[in-house]
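S.K.: What follows is a structure written as structure tokens; I'll ask about it next.
The values are calculated or read from the model by the stated rules, or taken from the named source; none is laboratory data. Everything quoted here is computed from the prediction, not taken from an experiment. Cβ atoms come from the backbone with ideal geometry, glycine included; neighbour counts cover every protein chain shown. The accessibility values were calculated without ligands, DNA or RNA, using every heavy atom of the protein model including side chains. Shrake-Rupley method; radii C 1.70, N 1.55, O 1.52, S 1.80 Å.
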Amino acid sequence: QGDTAEVDEYRKFVGKMSKTDGYFPFYWDQKTGKIYLEIERLDEEFLFVHSLATGLGSNPVGLDRGQLGDQKVVHFHRVGPKILLVQKNLRFRAQTENLLEKRAVEQSFAQSIIWGGEIEVETEGKLLTDITDLLLSDIHGVIRTLSRSDQGSFSLDEKRSAIFLPRCKGFPENTELEATLTFAGKKPGRYVNQTTPTANSVTLRQHHSFVKLPDDKYQPRVYDVRCPCLSITFADYASPVDSNLERRYILRHRLIKKADGNSDPIEPIVYYVDAGAPTLIQKALVEGASWWNQAFESAGFTNAFQVKILPADVDPLDVRYNVIQWVHRSTRGWSYGGSVIDPRTGEIIKGHVTLGSLRVRQDQLLFNSLEQSKPFNCACCGIGGIPEESTLASLTSNQTALETALARIRQLSAHEVGHTLGFVHNFAASTYDDRASVMDYPAPRIKIDDQGNLDFSDAYAVGIGSWDKVSVKYAYQEFAAEDETQSLQKILTDATEKGMWFISDADARPQGAAHPLANLWDNGSDPIEEFKHVLRVRKIALERFDPTRLPPDVTSADIAQYLTPIYLHHRYQAAAVGKMIGGYVYGYGYSQSASQVIPVSSERQNQAFQVLLESIHPASLELNPRTIESIAPRPYTTIRDPEILPTWSGRIFDPLAASKVAIDMTLDQILNSQRLNRVYQLSRIDKSFMTPSKLIFNLIQNQWIQTENSKTHMAIRSLAKESVVDRLINLIDDKSASFGVRSAAHAGLKTILIEEAQASTEPQWQSTLYRKI
């Protein structure tokens, strides 16, 4: 009788609500606008994921469409009339069969209860709870993100927030729920003003996934510092007392062969490209991502990696689908690859790539800038000259720029998918085996043909690289259980013996980084020779820069946007050369087979120093007067692009301000305090290495003994001198600089005072540099 009463009460409560079956069935109450979750499996762990279904559209803020949030292993726990959503603490574990040992660890570290609610009704082992307030909470941290990016003080407005029913769906192993959230703000920042119709009302949609955890048949793979894999890290308190507590498993998809030898997998890895991307882009994204199948073939799998177009009725945030999403923002920004993983094992459940749509337009701008510098030949006779009206259509079609930009998009697709397969950057891969990895940042390889023209035919590599095959073998190749450890070691050892360097972000990105082979956006095995080549490419492009041959819709103000990437075309290769000064070559490894840390030879450091000086010679920085005169102020209807060269002359283009940017860029490489600290240390150990004093003295001599033939060159040289003085003053005040470096900077300023006194016919006190010092 009691059971019957419970059933009746249950049925009466749900009444006319609409039910959706799934992993967690749920009821929608149209009258109250609430969602009730039906819970049958108390204390059973599952995966809870939150994400953003819609974005703000601002790269600096970072609230993108499709942005994944944290994934949590949770369970529903009942306490009387309450239902609690409890998150398990997986940072601290005891991997043992001893239950008491497990309990000791669990009780030593805090758990997190991330939501609590009331049981509305229950029957036959099922209970119903109102989950609406969880769905309408700011669990993704939008308010925190807006505050952190100085976009104002916002709060969640419950009256303007509601369940978004069209995206609430149920499936056998996952339940997907979504809500519209409105954030009311005071004094909204400029990025919010740029992207929202009403800046004090930011409305986004937040997605929630309740996902069945994978079974226990997946075998975690151990991380090695030499492997290029993302990983999870936790402390295992069941470890023997004489071993390390830390345990790390790599991130990877589950992939199992059907048979021995080369074989199809039981379930292939399938990625889906956003159907919202333009058709031409879709094709490039599919082609680039599909390159990874080459790497899986090298690991013994056939047809293991596939790429398709996402069906129109599929939610990109549905955890059953690996997605390459095409995301729009108001300004150009990052693309990135993220994953939904099982935090217990590192198994990737869903790969999710975010590709910023403005990247391809920026690439086209770059290649339009370089493309128009090619000499024009008349279509009828092949003689160089001004094109006639009949030839303008073919000239301004920018087909080369478009094709090269699409080649870059293919590479970008492969790169970001690589992250969602579990791989990190390898910024040394551009230096061996002809661009060995799509997980490096590729600089366009612009060649110079026999006639001195720029050649874009090999701007970007096609296909997967040799290092990517090493990566896939380490992460995905199958081995007999007893052979796995030894086989994995052999993969990495063989790669090292073949001269394959693996150096990632921490050794490549910092301004004072030391490894000369670990660079973003560089090319070639020899940084110095490549820098010389890049300077030649830049020289040709600047000399031939003809604004009249840019696309017809380019305004005279927009010419500066096309000039900027040419003028700074050498900036990343300059960073590669800069790392040779005080540079060291090394790899990752373990104490039993520790790799040596070897300084770059004194000869190579001197060569790097000299070639950097060439890049700040006035002849290298001077702009063609015709180019300067072609750049007009921006129309009143447009906003100045922050990525163009700055100006000190109001709205008029300023060639000296442009020169100052390039000068500072180079001097930042030479006079970096960390770099000079290493120069000082090396010179103390080996007298063949130049000292900071010698480096600074040579820099001063290079700038002060030169004589210029034109007023423009004199003005640029004066800028360089002032920049040297500024940096030496900063070095003296830099607490991170060693005493030897600060002393060298102080001596350098004294030398400059002497040089100024000898060069000037006026009293020293009238010298600008004298007064500054």
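S.K.: May I ask you to list pairs of residues, at least six apart or on different chains, whose Cβ atoms are under 8 Å apart, with the first in the stretch 517-530 being small (Gly, Ala, Ser) and the second being modelled with pLDDT of 95 or more and not in a helix (DSSP H, G or I)?
M.R.: Correct list of pairs: Ala518/Phe427; Ala518/Ala428; Ala518/Ile503; Ala518/Ser504; Ala518/Ala508; Ala518/Lys579.
S.K.: Looking at (1) under 18 Å from Ala619 (Cβ atoms); (2) at pLDDT 95 or above; (3) not hydrophobic (A, V, I, L, M, F, W, C), which is the one condition that is false for Ser710?
M.R.: Every listed condition holds for Ser710 apart from (2).
S.K.: Which of the residues that make up the stretch 413-434 are surrounded by fewer than 24 Cβ atoms within 10 Å (Cβ to Cβ) and either at pLDDT below 95 or assigned to a loop (DSSP other than H, G, I, E, B) (or both)?
M.R.: The answer is Val424, His425, Tyr432, Asp433, Asp434.
S.K.: Residues Ala506, Ala475: which one is in a helix (DSSP H, G or I) and in contact with a Lys or Arg (Cβ under 6 Å, 6 or more places away or on another chain)?
M.R.: Ala475
S.K.: Going by the conditions given, is Ser231 at pLDDT 95 or above, open to solvent by 20 Å² or more (accessible area, probe 1.4 Å), over 19 Å from Ala53 (Cα atoms) and among the small types (Gly, Ala, Ser)?
M.R.: Judged against the criteria, Ser231 is a match.
S.K.: Scan the stretch 114-142 and report the pairs whose first residue is in contact (Cβ under 8 Å) with a residue 12 or more places away in the chain and whose second residue is open to solvent by less than 10 Å² (accessible area, probe 1.4 Å) and assigned to a loop (DSSP other than H, G, I, E, B), with Cβ atoms within less than 7 Å and a gap of 6+ or a chain change.
M.R.: Filtered contacts from the stretch 114-142: Gly117/Ile131; Val142/Leu63.
S.K.: Just need a number here: residues in the stretch 509-542 that are open to solvent by less than 50 Å² (accessible area, probe 1.4 Å) and outside any helix (DSSP H, G or I).
M.R.: Of the residues in the stretch 509-542, 13 are open to solvent by less than 50 Å² (accessible area, probe 1.4 Å) and outside any helix (DSSP H, G or I).
S.K.: Continuing with this model, one more query. Of the residues in the stretch 185-224, how many are closer than 23 Å to Leu68 by Cα and assigned to a strand (DSSP E or B)?
M.R.: 11
S.K.: Another question about this same structure. Select from the stretch 483-495 the residues that are under 14 Å from Val222 (Cα atoms) and not β-branched (Val, Ile, Thr) and write down the one among them that is most open to solvent (accessible area, probe 1.4 Å).
M.R.: Once the filter is applied, the top-ranked residue is Gln486.
S.K.: Of the residues Arg332, Arg320, which single one is more than 21 Å from the chain's Cα centre (by Cα), assigned to a loop (DSSP other than H, G, I, E, B) and among the basic types (Lys, Arg)?
M.R.: Answer to the selection: Arg320.
S.K.: Name the residues in the stretch 225-264 that are part of a strand (DSSP E or B) and hydroxyl-bearing (Ser, Thr, Tyr), would you?
M.R.: Ser231, Thr233, Tyr249, Ser263
S.K.: I want to confirm something. Restricting to the stretch 177-200 and keeping residues that are in contact with an Asp or Glu (Cβ under 6 Å, 6 or more places away or on another chain) and not β-branched (Val, Ile, Thr), which single residue is surrounded by the most Cβ atoms within 10 Å (Cβ to Cβ)?
M.R.: Restricting to residues being in contact with an Asp or Glu (Cβ under 6 Å, 6 or more places away or on another chain) and not β-branched (Val, Ile, Thr), the top hit is Gly189.
S.K.: Restricting attention to the stretch 565-582, and to residues there that are of a type in the set (Gly, Ala, Ser) and in a helix (DSSP H, G or I), which single residue is most open to solvent (accessible area, probe 1.4 Å)?
M.R.: Ala575
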